[in-house]
Every structure is written in C-alpha cells, then in structure tokens.
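Colleague: I have a structure I would like to understand better, so I am pasting it below and will then ask my questions one at a time.
What follows draws every value from the coordinates through simple rules; no lab data is involved. Source: prediction; values computed, not measured. We place every Cβ from the backbone using ideal geometry, glycine too, and count neighbours over all the protein chains shown.
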Amino acid sequence: MSHADTSLVEQLSTNSLPYADPLAKLDWSALDMNKPWLPEGAISLTGLPEFNNLPEAVRIRLSQFEFTGFIHAGIWLEGIFIERLARNQRNTISSQELTYYLHEIREEAGHSLMFLKLMETSGIHLPGAWRNRPVITDFLGRHTPLHSTLFWLAVTIGEEIPDRLNRFIRSHGGSAIDGVIHQMCTLHIIDEARHIAHARGALEASLRDIGTTKRRLLTPLLDLMIRQFTRTFYLPSGDVYEMAGLAPGKKWREMARHNPARQAFVLKCLNPTLNMLREHGFAVADPTL
Ligand SMILES: [Fe+2]
Ligand SMILES: [Fe+2]
C-alpha cells in the first residue's frame, strides 16, 4: 500500500482552505450565449476547410456543445473519484489523509455541481449523464485495488488528461470566450493542481516498490486507459455535432478523428503527462483518436 507523504497531504489540505463554493462564486447571470465556450484552437474541427466554411453562429454553437460534452464526461469521471475517495475511508488511513480526501470529495462535488448548473442555466443538455463512458477504464477506475500502482496511474492520468484541456481553454480563451466559462476553467484548474500533486506524490511512492518488469507489464493497460480517456475528453461523440446542427454526426466525428490539427493538439496537451510516465519507465505510446 502506497500513500503520499504526510507532509504533502497536510500542505494540500491547508491550501484547500478557505473553500469557495463555485456555485456561489460564479455570476451565472453573466453567461452570454452569443460567445464561444472554447477558443478556436480547442475545437475538434479546427484546421479543416469544412470548419472554415461554417457560419460563425454554427461554430459558436459547436464550441458550446463540445464544451458540454467535455464537462459531461467530467461528471462521469468525478463520480468515480468521489466513489473511490469515499471508499478509502474504510482503510486504515491517518487523520491527515482522511482530511485531505474529504477536501477532495468536496472539491470534486463542487465541480460537478457547477457543470450541472451550467447546463441548467444555458439550456444545453446532452442525453444521459453516463453516456458513452469507456467501459474498460470505467471498470478499472472503480475496481482497481486501492493504493496499487495501477490505481495511482489511473488516478494521475484521469486527473491530468482533462486538466490539460482546461488549461488550454483558460490560457488561450481570454476575452474571445465567455467569461463564466473562463472563470469555471480557472476555478477548476486551481483545485486540480492540488489533486494532481497528490496523485503524482502517491504514484511516486508506489513506484518505490516496483521494478522494471512490472512497469513493462503495466504499460499495455496504461496505453489502453490513456487512449480511452483521450477519446472520451478530446473526441466529441456524434450527437454533439448533430445537436450543434452538423448532421450526420458520425461523419463529422470521423472528420475530427482524422483531423491532423486535432491529433497534433491532443499530443501537445498530453505531452507533459506522457513524458512524466516515460521518465518513470513506462514506454507509453502517443494516443490516437
Ligand atoms: Fe474536478
Ligand atoms: Fe480532481
């Protein structure tokens, strides 16, 4: 069993205070439905001539639906984190760890609540909160033994892969995107920086006990999880395109999947995570959409 250092956990809990409820902090009345929710570089079709030919209103609507698909997947994943963090309490953990886990549960619940509030305020909904979840990653996320290396690998990449997109939206969105969305992404990445520091700390602790053979054996599973997380968060499903007015959705999704600019964007976002894993001895592949 591996845990992050107590001093790290204590520091992160201190940094979690004071807690700011994102529902109360964001000015929901300022949401402007005429503004994009993603900077152009983060839209899945950017770079394709077919995208440049779309009317501006369709491009804005697509950015809003793609962002909604992204946070829908966030609700799925944060649900797994909350479930696992709550189950951690059954193990014999220190009160410092328990404190940290409760902070993280509160923060993830706050994120999912702000996602739901955005859907309610904007009226943009996608069917089914548990839609299109990747089956194997979902299973591994829920059932991998607590505190194993595989567990901390899954947590680390699950936190980092969506966070990279939030960071891009925040740093490249500026005044070009809606201010509420920009602030949402800012609040989210501030909390995620602590979650990622914790996950990386626990992962490093767990790696002290495992050698190169086990790392090699875990790599195919890691590749699979990276691919599934990447598709879930970076490749919108067909109905996202259809609801934005682009039919048939399957065709547009395939265009995004084979879009060289999208593939390059994904790799640029994921490289820090992939490189960190490679430095730890996991020879992971670049994921394809
Ligand atoms: Fe979150
Ligand atoms: Fe998180």
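Colleague: Given 0.36 nm per residue, what is the gain on full extension from ARG278 to ASN52 after removing their alpha carbon distance, in nm? Let's see the in-between values first.
Modeller: On the way: separation 226, 0.36 × 226 = 81.36 nm, distance 3.70 nm.
So the extension gain works out to 77.7 nm.
Colleague: State the extension gain, in nm to one decimal, for the chain segment bounded by GLN89 and ALA30, taking 0.36 nm per residue of separation less the distance between their alpha-carbons. Please list the in-between numbers first.
Modeller: Values: separation 59, 0.36 × 59 = 21.24 nm, distance 3.94 nm.
My answer for the length gained is 17.3 nm.
Colleague: Let me ask you something else. Per residue, how big is the convex hull around the C-alpha atoms of the chain? Give it to me in cubic angstrom, could you? List each step's numbers first, then the result.
Modeller: On the way: hull volume 34.9 nm³, N = 289.
Per residue, the Cα convex hull of the chain comes to 121 Å³.
Colleague: How much FRET efficiency would the formula 1/(1 + (r/R0)^6) give for ARG142 and ALA264, where r is the Cβ-Cβ distance and R0 is 35 Å, rounded to 0.05? All intermediate terms of the calculation are to be shown ahead of the outcome.
Modeller: Working: r = 33 Å, r/R0 = 0.93.
Step by step, r from the Cβ atoms, then E = 0.60.
Colleague: Is segment 152-282 rounded, prolate or oblate when judged by the Cα gyration tensor, a ≥ b ≥ c being the square roots of its eigenvalues, rounded requiring a/c under 1.5 and prolate requiring a/b larger than b/c?
Modeller: oblate
Colleague: If you don't mind, another one. Please sort by residue number the trypsin sites (Lys or Arg not before Pro) in segment 187-220 whose DSSP state is loop and whose Cβ has at most 15 other Cβ atoms within 10 Å.
Modeller: On the way: sites: ARG194, ARG200, ARG208, LYS214, ARG215, ARG216; in loops: ARG208.
Sparse-neighbourhood loop trypsin sites (Lys or Arg not before Pro): ARG208.
Colleague: Follow-up question, since we're still on this one. Rounded, prolate or oblate for segment 126-198? Axes are the square roots of the Cα gyration tensor eigenvalues, ordered a ≥ b ≥ c, and the cut-off for rounded is a/c under 1.5.
Modeller: The shape class here is oblate.
Colleague: How far is helix 212-234 tilted off the main Cα axis of the chain, in degrees rounded to 10, range 0 to 90?
Modeller: Helix 212-234 and the main axis of the chain meet at about 30 degrees.
Colleague: Sticking with this one: What 222 nm value per residue comes from the helices of the chain, counting each DSSP H run with n ≥ 4 as -39,500 (n - 2.57) and dividing by all residues, nearest 500 deg cm²/dmol? Before the final figure, lay out each step's value.
Modeller: Working: 12 runs with 200 residues, N = 289.
Here the helix-only value at 222 nm equals -23000 deg cm²/dmol.
Colleague: Right, here's the next one. Rounding to the nearest 10 and keeping the result within 0 to 90°, find how far the Cα-based axis of helix 260-279 lies from the longest principal axis of the chain.
Modeller: Long axis of 260-279 versus the principal axis of the chain: about 10 degrees.
Colleague: Sticking with this structure for a sec: Between segment 53-85 and segment 121-140, how many Å separate their Cα centres?
Modeller: That distance is 9 Å.
Colleague: How big is D, in µm² s⁻¹, for segment 1-106 by Stokes-Einstein at 10 °C and 1.306 mPa s if Rh is the Kirkwood radius over C-alpha pairs? Write down the numbers at each step before the final one.
Modeller: Working: Rh = 17.3 Å.
So the translational diffusion coefficient is about 92 µm²/s.
Colleague: Within segment 40-141, report the chymotrypsin sites (Phe, Trp or Tyr not before Pro) that DSSP leaves as loop and that have at most 13 other Cβ atoms within 10 Å. Show your work: numbers first, answer last.
Modeller: Details: sites: PHE51, PHE65, PHE67, PHE70, TRP76, PHE81, TYR100, TYR101, PHE115, TRP130, PHE139; in loops: TRP130.
Here the sparse-neighbourhood loop sites are TRP130.
Colleague: Sticking with this one: Report the residues of segment 49-65 in range of a label on GLU242: point 7 Å along Cα→C-beta, backbone N strictly under 20 Å from it.
Modeller: 58-59, 61-65, by backbone N distance to the label point.
Colleague: Here's a follow-up. Measure off 7 Å from each Cα along the Cα-to-Cβ vector at GLU120 and GLU204, then give the distance between these two points in nanometres to one decimal.
Modeller: 4.0
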